[in-house]
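The values are calculated or read from the model by the stated rules, or taken from the named source; none is laboratory data. What you see is a predicted model; the values in this text were computed from it and never measured. Please note: Cβ atoms are built from the backbone with ideal geometry, for glycine as well, and neighbour counts cover all protein chains shown.
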Amino acid sequence: NAGVTQTPKFQVLKTGQSMTLQCAQDMNHEYMSWYRQDPGMGLRLIHYSVGAGITDQGEVPNGYNVSRSTTEDFPLRLLSAAPSQTSVYFCASSYRGFSYEQYFGPGTRLTVT
Amino acid sequence: AQSVAQPEDQVNVAEGNPLTVKCTYSVSGNPYLFWYVQYPNRGLQFLLKYITGDNLVKGSYGFEAEFNKSQTSFHLKKPSALVSDSALYFCAVRAHGSGNTGKLIFGQGTTLQVKP
């Protein structure tokens, strides 16, 4: 199994540009989540999904959209990038929810200039 | 509201010595508690978790953690540190019975530096 994969690994955007961060898992997990990691702040939940067609907001959802059309894929869209969105983004999946072990992807380092 | 605190930004220990990385938490009700490790330029990896039962939980790579309900703590320990244990460690908490609204809350992380 490849586990959780994320693309791209690195991205530089200009303010106002949009882009999609890709995330896929091959473990047939129900739950998928997006986190951002900023120095001294740990990981903060952006959006999550409890299954195909169902998404919900996390702690810091503003400026981001998600959709879940298949069990495997959970893309994160930045609508109009801002410097405050400079961060490392991690996708995670788990078997049944937040009470279970989370499997993390390798991350995407995003810089917005 | 749930919260997690890791009071030390960095812990330094000599190889072969015991290590402790501290974590305290606040939840309504009983907690699920987790430790994750992040090596440089990698995603987080699960180390261990506490749900119920024995207060001493054993996990991967020789790590263990002790749940202390009265002190609301879940400190990570290892009897003998290795240089390869040097990494960023995260504690996380979730409340029992919180359904879909009970998210996983992460601490800010503690950098462990093990010197030869």
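Considering only segment A:52-71, I want to know if a residue exists there that is of a type outside the set (Val, Ile, Thr) and surrounded by 21 or more Cβ atoms within 10 Å (Cβ to Cβ).
no
Give the residues of segment A:39-89 that are at positive phi and not in a strand (DSSP E or B), sorted by residue number. Once the filter is applied, which keeps residues that are at positive phi and not in a strand (DSSP E or B), segment A:39-89 yields A:Gly40, A:Gly42, A:Gly53, A:Gly63.
Any chance segment B:94-101 includes a residue that's basic (Lys, Arg) and under 21 Å from A:Leu43 (Cβ atoms)?
Looking for residues that are basic (Lys, Arg) and under 21 Å from A:Leu43 (Cβ atoms), one finds at least one in segment B:94-101, hence yes.
Of the residues B:Val27, B:Val37, B:Val57, which single one is under 30 Å from A:Lys9 (Cβ atoms), within 14 Å of chain A (Cβ to nearest Cβ) and among the β-branched types (Val, Ile, Thr)?
Working: B:Val27 fails: under 30 Å from A:Lys9 (Cβ atoms); B:Val57 fails: under 30 Å from A:Lys9 (Cβ atoms).
After ruling out the rest, the residue left standing is B:Val37.
For B:Gly109, the requirement of being under 10 Å from the mean Cα position of the chain (by Cα), facing chain A (nearest Cβ under 8 Å), surrounded by 20 or more Cβ atoms within 10 Å (Cβ to Cβ) and closer than 30 Å to A:Thr7 by Cα is met. B:Gly53 falls short on exactly one of the conditions (1) under 21 Å from A:Tyr100 (Cα atoms); (2) in a strand (DSSP E or B), and that condition is (2).
Note on segment B:1-33: among residues that are among the polar types (S, T, N, Q) and not in a loop (DSSP other than H, G, I, E, B), the one that is surrounded by the most Cβ atoms within 10 Å (Cβ to Cβ) is B:Thr24. Within segment B:9-38, residues that are over 22 Å from A:Phe104 (Cβ atoms) sit with their Cβ atoms under 6 Å from residues that are charged (D, E, K, R) and buried (at least 19 other Cβ atoms within 10 Å of the Cβ), at 6+ positions apart or across chains, in these pairs: B:Leu19/B:Lys78.
Got at least one residue in segment B:34-44 being more than 16 Å from the chain's Cα centre (by Cα), within 22 Å of B:Gln71 (Cβ to Cβ) and assigned to a loop (DSSP other than H, G, I, E, B)? There is no residue in segment B:34-44 that is more than 16 Å from the chain's Cα centre (by Cα), within 22 Å of B:Gln71 (Cβ to Cβ) and assigned to a loop (DSSP other than H, G, I, E, B). Considering (1) within 11 Å of chain B (Cβ to nearest Cβ); (2) in contact with an Asp or Glu (Cβ under 8 Å, 6 or more places away or on another chain), the lone condition that A:Glu101 does not fulfil carries the number (2). Taking the conditions (1) more than 19 Å from B:Leu88 (Cα to Cα); (2) assigned to a loop (DSSP other than H, G, I, E, B); (3) not small (Gly, Ala, Ser) in turn, A:Met32 satisfies each one other than (2).
Would you call A:Ser94 closer than 19 Å to A:Asn1 by Cβ, in contact with a Gly (Cβ under 9 Å, 6 or more places away or on another chain), within 14 Å of chain B (Cβ to nearest Cβ) and touching a residue at least 24 places away in the same chain (Cβ under 8 Å)? It is false that A:Ser94 is closer than 19 Å to A:Asn1 by Cβ, in contact with a Gly (Cβ under 9 Å, 6 or more places away or on another chain), within 14 Å of chain B (Cβ to nearest Cβ) and touching a residue at least 24 places away in the same chain (Cβ under 8 Å).
Of all residues in segment A:74-87, those being at pLDDT 95 or above and more than 10 Å from the chain's Cα centre (by Cα) number 9. Quick one: is B:Val93 of a type in the set (Val, Ile, Thr), assigned to a strand (DSSP E or B) and over 25 Å from A:Thr55 (Cα atoms)? No.
Rundown of residues vs (1) of a type in the set (S, T, N, Q); (2) free of Cβ contacts under 8 Å to residues at least 12 places away in the same chain, yes/no style:
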residue	(1), (2)
A:Met32	no, no
A:Met41	no, yes
A:Gln57	yes, yes
A:Phe98	no, no
A:Leu110	no, no
